[in-house]
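A quick write-up on the structure given underneath.
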Amino acid sequence: MLKTLRNILLLAGATCFLLLTVVTAAEATVVFFVEEEYDRFGREELVARLVEESERGLFYVDQSWWDGLGDEEKEEAQDYLKILAYEFENNIWPILSKSYQWDWNVSSTRQKINILIHQMRGQAAGYFRAIDQYDRLQNPTSNQRQMVYLNTDHLTDYRSKSLLAHELMHLITFHKKEKVYQVKEETWLNEARAEYAPTLISYDRIYDGSNLQNRTRIFLENPSNSLVSWEEKVADYGALNLFTQYLVDHYGAEILIDSLSSDRVGISSLNEALAKHGYEKDFSQIYTDWTIAVLINDCSVGEDYCYHNQNLKDLRIIPKTNFLPLNGESALNATDQLQNWGAQWIRFIGGDGDLRLRFFGQSETLFRTPYVAVDRRGKTEVGFLDLNEYQNGEINLANFGSNYYSLTIIPSIQSKQSGFIGTEDYYAFKWEAMMTPRNPEEKLIQELQAEIDYLQQTVVHLRSQIAIVLANQQGIQLNSFDRDLAYGLSQNEEVKALQLFLAIQEPEAYPEGLVTGHFYQLTRQAIIRFQEKYAAEVLQPAGLSKGTGYVGPLTRAKLNALLFMDHP
């Protein structure tokens, strides 16, 4: 299998002028400085071997790792490096450099992008060192190259090309921000662009095994992770990636691209790009919409509350769920905490009565707290708690448990707008849910009314069945009302079916109950009474307040609904 793969790659390389098989133009072995905190053995430097070269890239591997491979493993590693080099030349480099307008002129081997693949610790996938971009006189541990680093563990991984795209994006960001504008991008937004790079190149189009699938899993395990608090943890990448996917989904990749070509950083640069493209919403409003979208992900509720990316159409987080007792008064409360630009999803279900939900924030913070209420018919309502200057607010839902299935609040902190350089502080908030049972007499009345409604629907159903049986006995075709009927029709079989149905189903409207087939005054008056009884469905949609006696589409629709009503 390995030989077959290698032969295919070599054949592809023969037809692609970008890949070179001769590596003598560059140094065969180089001593590189590496980051001690990432290196598996805590090394500060290592010897690397040049294994693959392309028009713009030099691919080095950790010599000690390479020497430990068997012959077949080396052949496999070389095959994957050829694939990676091909992707770098034909997809990663051209798409990212063109999209972000970075024209790096590779006029010599010295100016090629160096990719060092070495053994790393933990879950580290790769990294970028800004110090490599400076002269060694300025920083003694600079490798003095355009350079990124990847983990040997991921070389044979489907995600390796996505990881290379990610790290190359950091290199581009350094040049666009620090070289051009002399400003340092905030870490979280630097990572956001890098996280979106594989999607921009279409590497996430095939979801299984993709970087997007990996980040989605991480997000679902840690949905409350702050976007801006960066602790170099795997959890940091989940929420950031899924938010960036949403941002581009709704506002375009131009927002990321233009924010990079700006002397501003962080949220300010994104707001500048949003305004440039004529969008009224700012970062805060978009983040709030996203917190709702990952809960319901349903475009029918609101265009802002879903993903367009088909790979994310089924994404929904599972909120923290609190169960309210079904009987008597009850009160639940809890205290929790959040960082800036982190959110929580807190759901309430159960209970039988009036729900009062109170939220308590802190006056020195700025909370946004939307809520999502779902009624017993599955209809979803989105609203926002009106918080006062102390960041306190409440919502009241009558007949919760009977009329409503669930209530979910989504608090997030959006106080700080800039200066995110590492771990952000946590701020506490509290919620209190109180259930007041309904008055026993009121509850009895509602239960009796529900029973009356059930019996009335049963009567309608049985009357329709009687009408159908009688029609069969009299040789009248009572199937459905498909044609308009009007005053003046005579000896008409459809009029007979109408009269029989009215006589059985609507005796108050047609007390005479004559089945003649003649559509004269008695039948016309019966239709008028029928139309006015069901005015909301028959007259109001047509802008009428009084019956006409004409059996048109709306009247026929109501007749058919009664005729074919199922047993409740």
TODO: Identify all residues within the stretch 532-556 that are out of contact with any Phe, Trp or Tyr (no Cβ under 9 Å at 6 or more places or on another chain), in a helix (DSSP H, G or I) and not hydrophobic (A, V, I, L, M, F, W, C); write none if there are none.
DONE: 532, 533, 537, 540, 541, 553
Task: Hits in the stretch 489-523 - residues which are outside any loop (DSSP other than H, G, I, E, B) and among the polar types (S, T, N, Q) - done: 499, 505, 521, 523
- [ ] Considering only the stretch 512-527, state which residues are surrounded by fewer than 21 Cβ atoms within 10 Å (Cβ to Cβ) and within 58 Å of the chain's Cα centre (by Cα).
- [x] 524, 525
Task: Unique match (being touching a residue at least 24 places away in the same chain (Cβ under 8 Å), among the hydroxyl-bearing types (Ser, Thr, Tyr) and surrounded by fewer than 20 Cβ atoms within 10 Å (Cβ to Cβ)) among 300, 284 - done: 284
Task: Evaluation of residue 384 against (1) surrounded by fewer than 21 Cβ atoms within 10 Å (Cβ to Cβ); (2) hydrophobic (A, V, I, L, M, F, W, C); (3) touching a residue at least 24 places away in the same chain (Cβ under 8 Å) (one fails), failing number - done: (3)
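Can you tell me which of 284, 300 is more than 13 Å from the chain's Cα centre (by Cα), assigned to a loop (DSSP other than H, G, I, E, B) and small (Gly, Ala, Ser)?
The conditions single out 300.
Residue-wise test of (1) at pLDDT 95 or above; (2) under 19 Å from the mean Cα position of the chain (by Cα); (3) of a type in the set (S, T, N, Q).
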| site | (1), (2), (3) |
| --- | --- |
| 159 | no, no, no |
| 166 | yes, no, no |
| 178 | no, no, no |
| 193 | yes, yes, no |
| 196 | yes, yes, no |
| 204 | yes, yes, no |
Task: Options 135, 153, 157; residue that is farther than 17 Å from residue 191 by Cβ and not in a loop (DSSP other than H, G, I, E, B) - done: 153
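So, in the stretch 256-281, exactly how many residues are farther than 23 Å from residue 182 by Cβ and in a helix (DSSP H, G or I)?
Qualifying residue count, the stretch 256-281: 2.
Mind checking which residues of the stretch 160-187 are part of a helix (DSSP H, G or I), closer than 17 Å to residue 419 by Cβ and of a type in the set (D, E, K, R)? Steps first, please.
Step one: of the stretch 160-187, the residues part of a helix (DSSP H, G or I) are 160-179, 187.
From what's left, closer than 17 Å to residue 419 by Cβ: 177, 187.
Residue satisfying the conditions is 177 alone.
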Open item on the list: Testing residue 332 on (1) buried (at least 21 other Cβ atoms within 10 Å of the Cβ); (2) among the hydrophobic types (A, V, I, L, M, F, W, C); (3) closer than 21 Å to residue 430 by Cβ, one condition comes back false. Which one is that?
Closed with: (1)
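Yes/no matrix, rows are residues, columns are (1) farther than 21 Å from residue 294 by Cβ; (2) outside any loop (DSSP other than H, G, I, E, B); (3) within 24 Å of the chain's Cα centre (by Cα):
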residue	(1), (2), (3)
365	yes, no, no
398	yes, yes, no
405	no, yes, yes
423	yes, no, no
430	yes, yes, no
Open item on the list: Checking residue 486 against (1) surrounded by fewer than 16 Cβ atoms within 10 Å (Cβ to Cβ); (2) without any contact (Cβ under 8 Å) to a residue 40 or more places away in the chain; (3) among the small types (Gly, Ala, Ser), only one condition comes out false. Which one?
Closed with: (2)
TODO: Tell me which of these residue 447 doesn't satisfy, since it passes every other one: (1) outside any helix (DSSP H, G or I); (2) more than 25 Å from residue 549 (Cα to Cα); (3) not small (Gly, Ala, Ser).
DONE: (1)
TODO: Could you grab me the full set of residues in the stretch 367-388 that are of a type in the set (Lys, Arg) and more than 19 Å from residue 339 (Cα to Cα)?
DONE: 376, 377, 379
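Do you know which residues across the stretch 196-223 are among the hydrophobic types (A, V, I, L, M, F, W, C) and in a helix (DSSP H, G or I)?
197, 200, 212, 218, 219, 220
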- [ ] Mind listing whichever residues of the stretch 39-56 are basic (Lys, Arg), at pLDDT 95 or above and in contact with a helix residue (DSSP H, G or I) (Cβ under 7 Å, 6 or more places away or on another chain)?
- [x] 49
TODO: Filter the stretch 529-558 down to the residues that are aliphatic (A, V, I, L, M) and without any contact (Cβ under 8 Å) to a residue 24 or more places away in the chain, then identify the one that is farthest from residue 484 (Cα to Cα).
DONE: 536
- [ ] Taking residue 561 as meeting all but one of (1) under 19 Å from residue 494 (Cα atoms); (2) touching a residue at least 60 places away in the same chain (Cβ under 8 Å); (3) surrounded by fewer than 17 Cβ atoms within 10 Å (Cβ to Cβ), write down the number of the exception.
- [x] (2)
Open item on the list: If I go through the stretch 357-378 residue by residue, how many of them are modelled with pLDDT of 95 or more and charged (D, E, K, R)?
Closed with: 2
Open item on the list: Whether any residue in the stretch 351-372 is within 28 Å of residue 390 (Cα to Cα), in contact with a strand residue (DSSP E or B) (Cβ under 8 Å, 6 or more places away or on another chain), surrounded by fewer than 20 Cβ atoms within 10 Å (Cβ to Cβ) and not assigned by TED's automatic domain parsing to the domain that holds residue 411 is what I want to check.
Closed with: no
- [ ] Looking for whichever is part of a loop (DSSP other than H, G, I, E, B) and buried (at least 20 other Cβ atoms within 10 Å of the Cβ) here; the options are 105, 114, 143. Which one fits?
- [x] 143
- [ ] Could you check, for the stretch 87-99, whether at least one of its residues is small (Gly, Ala, Ser), under 25 Å from residue 34 (Cα atoms) and not in a strand (DSSP E or B)?
- [x] no
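The values are calculated or read from the model by the stated rules, or taken from the named source; none is laboratory data. Bear in mind the structure is a predicted one, so any value in this text is a computation, not a measurement. Here Cβ is always computed from backbone atoms with ideal geometry, including for glycine, and neighbour counts include all displayed protein chains.
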